[in-house]
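FYI, it's all coordinate maths here, none of it is from the lab. The structure displayed is predicted, hence computed values, not measured ones. Using ideal geometry, Cβ is built from the backbone for each residue, glycine included, and neighbour counts are taken over all protein chains shown.
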Amino acid sequence: MATAPSPAAGPGSPLTSRSTSPGSTSWWLVEDIVDTGNTVSCLIAHLQKKGALSISVCTFLDKPARRTVDFQLVGGGKFYRGFECPDSFVVGYGMDYAELYRNLPYVGVLKPEMYSKKTDN
């Protein structure tokens, strides 16, 4: 299984392979949200270098307006999305802001004033 680094690890962090080699297999990348496409693009490139036969992507939410990387699926792979969402900060269903709101039983849009506050330090 290939795993992506956490966002805190920053861009360019190495991907690690665990017990399964990606070569000669078909892969599904499952994401909560695809926005810029950077993570998906890096994972596809990594799996392709390891010889993956096909790579498909399944995402709960897709933000095509934020796409900065035009990722290419491999070997007839497909792109499946649950919902297309606007370029808004979404929370709920496991997606959080500062460890808050992830328990919401729905997807909501966070008001900009909630995440653009300046702290007095």
### Message
Give me the mean projected area, in nm² to one decimal, of the convex hull enclosing the Cα positions of segment 38-121.
### Response
7.6 nm²
### Task
Could you calculate the contour length gain from residue 53 to residue 24, that is, 0.36 nm times the residue separation minus the distance between their Cα atoms, to one decimal place in nm?
9.9 nm
### Query
Straight-line reach from residue 63: which aspartates and glutamates have a Cα under 18 Å away, not including same-chain ones fewer than 8 places off?
31, 32, 35, 84, 87, 96
### Cα-projected label distance for residue 114 with residue 98, points at 7 Å along beta-carbon direction, nm
1.1 nm
